1. Anything in region 65-115 that is of a type in the set (V, I, T) and either touching an Asp or Glu at 6+ places or on another chain (Cβ under 8 Å) or over 30 Å from Q262 (Cα atoms) (or both)? List them, or say none.
2. Of everything in region 1-42, what is of a type in the set (G, A, S) and under 23 Å from Y229 (Cα atoms)? Give them in sequence order.
3. Taking V80 as the residue in question, decide whether it is in contact with a Leu (Cβ under 7 Å, 6 or more places away or on another chain) and either within 23 Å of L198 (Cβ to Cβ) or of a type outside the set (K, R) (or both).
4. Could you check region 33-64 and list, in sequence order, the residues that are among the charged types (D, E, K, R) and surrounded by 24 or more Cβ atoms within 10 Å (Cβ to Cβ)?
5. Give me the residue from region 139-173 that is in contact with a Ser or Thr (Cβ under 6 Å, 6 or more places away or on another chain) and not in a helix (DSSP H, G or I) and, out of that set, surrounded by the fewest Cβ atoms within 10 Å (Cβ to Cβ).
6. Taking the stated definitions as given, is G136 outside the structural domain of G9 (by TED's automatic domain parsing) and at positive phi?
Amino acid sequence: MNRWQRILGRVAFVNCDPLYHDLPEPWEVLSAPPSWLTGHLLRKDCLIAPIPTADFAKHSDKLQLLPDICIASTGTVGSVLLFGDRDPSQMRDVALPTDSATSRKLCIWLLEQMGLNPRPVDMGPDLGQMLERCDGALLIGDRALDEAARHPEYIRMDLGQAWLELTGYPMVFAVYAAHRDSPADKLQEAHSLLLAQLESFENSSDRRNSVIKETSSRSGFSVSRIEQYFGEVVHRLDDHSKEGLHHFLENVCDVKKYQEAQI
């Protein structure tokens with residue numbers, strides 16, 4: 001068997017910990033920023049990975065969606081934030097991080113829906129440098145969590161909450177995807193494993209507490225913040241989240257059809 005068929009991609013943020021905590025052998029993990037995982041998946045460096053929803057839309061002719069699991073929020077997500085020292089209506093330009101895809105596209109779309117048209121500027125995800133150059137700065141993942149704790153006065157928009165207020169739907173930031181020609185039996189095995197990991201996290205208080213404690217210790221975030229964050233981030237792609245996914249793909253990415261894995 002090819003080695004890539006035993007490798008599971010994961011986002012290099014704490015948001016994946018509930019599904020990837022203590023994975024059994026012989027599974028291996030490839031950890032990378034969200035936008036990098038798309039390339040790994042297309043090159044078959046890994047079997048499945050949670051990739052930015054916008055990237056899935058861009059490569060929907062080569063990839064297939066895995067059901068039941070995702071990275072989403074119903075309202076406040078806490079880790080996809082637009083920072084600035086002024087209201088978004090007064091932002092002349094917005095720095096967009098190069099490690100994102102969905103959030104970049106979502107941020108500009110949301111601002112356009114508000115009747116705003118700031119100039120997007122690609123930058124590395126460093127809040128200080130971003131705000132030195134631009135009026136607004138988008139950060140995602142652990143960096144957003146960290147800077148939100150350091151600079152709560154700079155938070156101007158939580159993109160998960162803004163999306164919910166505008167559309168009424170959950171926001172699916174990342175979907176679990178696989179190459180279209182991946183072996184079905186291996187996809188079934190990997191999908192069943194991650195779904196079981198999620199169900200254990202949801203249903204076992206011991207398991208949940210263990211993940212929260214280890215994540216806190218490894219990341220440096222407090223136990224209370226991780227516990228809150230794991231209530232903000234949604235990992236289950238249920239019917240309502242799928243409606244939000246379809247709305248984003250169709251209205252933001254102009255993708256109306258895609259392939260879903262039959263597993």
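1. T76, V77, V80, V94, T98, T102, I108
2. As a first pass, look at region 1-42 and keep what is of a type in the set (G, A, S): 9, 12, 31-32, 35, 39.
Result: G9, A12, S31, A32, S35.
3. Working: in contact with a Leu (Cβ under 7 Å, 6 or more places away or on another chain): yes; either within 23 Å of L198 (Cβ to Cβ) or of a type outside the set (K, R) (or both): yes.
Yes; evaluated as a whole, the condition is true for this residue.
4. D55
5. In this case the residue turns out to be D158.
6. no
Yes or no, residue by residue, for (1) more than 13 Å from the chain's Cα centre (by Cα); (2) of a type in the set (D, E); (3) farther than 14 Å from K105 by Cβ:
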site	(1), (2), (3)
E28	yes, yes, yes
T38	no, no, no
I48	yes, no, yes
P52	no, no, no
K58	yes, no, no
D61	yes, yes, yes
I69	no, no, yes
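Residues checked against (1) of a type outside the set (A, V, I, L, M, F, W, C); (2) assigned by TED's automatic domain parsing to the domain that holds A54; (3) closer than 22 Å to C46 by Cβ; (4) modelled with pLDDT of 95 or more:
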site	(1), (2), (3), (4)
D142	yes, no, yes, yes
L145	no, no, no, yes
I155	no, no, no, yes
D158	yes, no, no, yes
W163	no, no, no, yes
A184	no, yes, yes, yes
H191	yes, yes, yes, yes
F201	no, yes, yes, yes
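The values are calculated or read from the model by the stated rules, or taken from the named source; none is laboratory data. Nothing here was measured: the structure is a model prediction, and the numbers come from that model. A quick note on method: Cβ atoms are made from the backbone with ideal geometry, for glycine too, and the neighbour counts reach across all protein chains shown.
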